[in-house]
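The values are calculated or read from the model by the stated rules, or taken from the named source; none is laboratory data. In this text, all values refer to a predicted model and were calculated from it rather than measured experimentally. In this analysis, Cβ positions are derived from the backbone assuming ideal geometry, glycine residues included, and neighbour counts consider all displayed protein chains. Accessible surface areas use protein heavy atoms only, side chains included; no ligands, DNA or RNA. Shrake-Rupley method; radii C 1.70, N 1.55, O 1.52, S 1.80 Å.
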Amino acid sequence: IVFSCLMCNVRQLMWASCCVEKWQESFEQAPMYVAVMTYLGYGIVTLFGYVRDFLRAVGLEKCHVAQERDEQKDFVPLYQDFENFYTRNLYMRVRDNWNRPICSLPGPVFDLMERVSDDYNWTFRLTGRTIHNVINVGSYNYLGFAENNADFLKTVADTTCQFGVGVCSTRQEMGNLSIHEELEKLVANFLGVESSMTFGMGFATNSMNIPALVGKGCLILSDELNHTSLILGARLSGATIRVFKHNNMHSLEKMLREAVCSGQTRTHRPWKKILIIVEGIYSMEGSVVRLPEIIALKKKYKAYLYLDEAHSIGAVGPSGRGVTELFDVDPTDVDVMMGTFTKSFGASGGYIAGKKELVDYLRSHSHSAVYASAMSPPVTEQIIRALKCLMGKDGSTEGIRRIRQLAENSRYFRARLKEMGFIIYGSDDSPVVPILLYMPGKVVAFAREMLDRRIGVVVVGFPATPITEARARFCLSAAHTRDMLNQVLHHLNEVGDRLCLKFSRRKYSSWPDLCEETDFELDS
């Protein structure tokens, strides 16, 4: 008996240490001079923007922005001039780093159509030249299912021949196909829940389903870094919204305690529902939700939990089942499980999963389910083949191999960046790797310099991020080979030295031999 008690305590300590390790995320602060220079850079650009607006007003510079016609001058303005100040004077100067036209499959490498601008990025023209074999570290192709393999895609081609490309109807009318029901059963089985339903658009899965779950008299507690689709859905619901600090359990519990004790703001009546909304992996920070603690708080204060696994489903966990598997928690403890097929599955659309009563309710109350067109048949079959691959139902171990390869690539890439001296955010389990660039001029120079070296990166700045935390976001894939990652790391090291981007003051030990080996944790 004593021995069994000791072993039980050891297991609990091992589980606790494992959770602590998963929650250890890097959010290193930059030196003070970096923040000062960042604000100074934005100040200079803003000052020049006001000067250029003055020149446009007096006719010394051509105005390219949308304006009302002369006969509409007495109308209420359709285009708010000052509201577009940032777009007109800051974004336009660097617009060449976004919306680049790709002319190939967005796999681990892609081809890019070269374009130039003759009017300072207001318009672009194609040169007719194609930039070939650009390493793609910006797409959400986590498991490499965005591929063009005839053997893998045979079932997708057969489905296209049988059902066509479009459904041309909603699920409740003439658009409910047999493969839609097969996919929903497969998703529920994969997640370990009673039922699920799928939608044709991932963004609408959040924005259209949250209003069906909560309304006036309900309270939403939302993480401050939640995606725009979650924010929009919360606003459309009409519920009261309160924002807690990112992954901060003290902030969340304080709001829960106040909500239970005080009730609604004016009447002090109890809230009809309290819904906690979080993400599995946060797409801009690469951080992982502290799921076990949130579930404990949810149970303690009798609240509901809405988990968005857009970036975590398929990408984390020993078998790709997301953060519930990563933390070894019961999926039924999550009231609403949401995810998308646009990342790990190389397709489009989203799902809501949970209890059968929840799913049946949404089938008749969700605007996305009632009014939106059903998912395209080829897309549906692509998700089915990816799920069967992950679950081993295709008779191979390819799915597990991809999951392990992604985990190995993520840990290797993050470790090397830390050794080089970059400030990166997030968890070691996350395939989303943000490198902090801070200064607006360096953001632009970084993107252009990397493209010159045939590496396609995504750079993000204000207002998508805080004004002092502009960054480059790398999304790793199981399709990336070690040679590809080493090539990207080599150029990152050179560009980081050239642009002075290595702001980290922490020292990390070099362990190249361990990085070259297969991850022993995954093998065990």
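Remarks
- DSSP assigns beta bridges within the chain; of those with both partners inside it, close to 60 percent run antiparallel.
- Options 395, 305, 288, ranked by Cα towards positive dipole end of the chain, top entry (Cβ charges): 305
- Of the accessible area of the chain, computed with a 1.4 Å probe over protein heavy atoms only, carbon and sulfur atoms account for 56 percent.
- For region 150-391, the Kirkwood hydrodynamic radius comes to 18.3 Å, computed from all pairs of different C-alpha atoms.
- Extension gain, residue 115-residue 185: 0.36 nm per intervening residue step, less the Cα-Cα distance, totals 20.6 nm.
- Unit charges on C-beta of K, R, D, E only; dipole of the chain, Debye: 1120 debye
- Dipole magnitude for region 150-391: about 980 debye, using +1 per Lys or Arg Cβ and -1 per Asp or Glu Cβ, origin at the Cα centre.
- Exposed loop sites here mean trypsin sites (Lys or Arg not before Pro) with a DSSP loop assignment and at most 12 other beta-carbon atoms within 10 Å; the chain contains its longest site-free run at 303-504.
- For the chain, the calculated P(r) over all alpha carbon pairs, in 10 Å bins from 0 to the bin holding the longest distance, is 3, 16, 25, 27, 20, 8, 1, 0, 0, 0 percent.
- Net length gained if the chain between residue 162 and residue 126 were fully extended (0.36 nm per residue, minus Cα distance): 9.1 nm
- Vicinal HN-Hα couplings computed from phi for region 299-306 (Karplus, 6.51 cos²θ - 1.76 cosθ + 1.60; Hz; Gly/Pro x): 5, 5, 9, 6, 9, 10, 10, 10
- Residues whose amide H falls under 5 Å from that of residue 311, counting only those 5 or more places apart or on a different chain, are 280, 281, with hydrogens built in the peptide plane.
- Directionally averaged projected area (convex hull, Cα atoms, region 74-229), nm²: 17.2 nm²
- Extreme residue, positive dipole direction of the chain, given options 252, 131, 189 (C-beta unit charges): 252
- In plain terms, the chain is cut at each of the GluC sites (Glu not before Pro) found in a DSSP loop with at most 16 other Cβ atoms within 10 Å, and the longest leftover piece is 225-516.
- Residue 401 versus residue 228: modelled label distance in nm, points set 7 Å from Cα along the beta carbon direction: 3.9 nm
- Cross-link table 154/388; 302/343; 299/388; 216/245; 185/273; 185/272, entries beyond 22 Å C-alpha to C-alpha: 302/343; 299/388; 216/245; 185/273; 185/272
- Phi-based couplings in Hz for region 163-177 (Karplus 6.51, -1.76, 1.60; Gly and Pro marked x): 9, x, 8, x, 9, 6, 6, 7, 5, 7, 9, 10, x, 8, 9
- Considering helices alone, the calculated mean residue ellipticity of the chain at 222 nm is -13000 deg cm²/dmol, with DSSP H runs of length four and up weighted by -39500 (n - 2.57) and normalised per residue.
- Annotation: per residue accessible area for region 83-198 equals 53 Å², rounded to a whole number [probe 1.4 Å, protein chains only].
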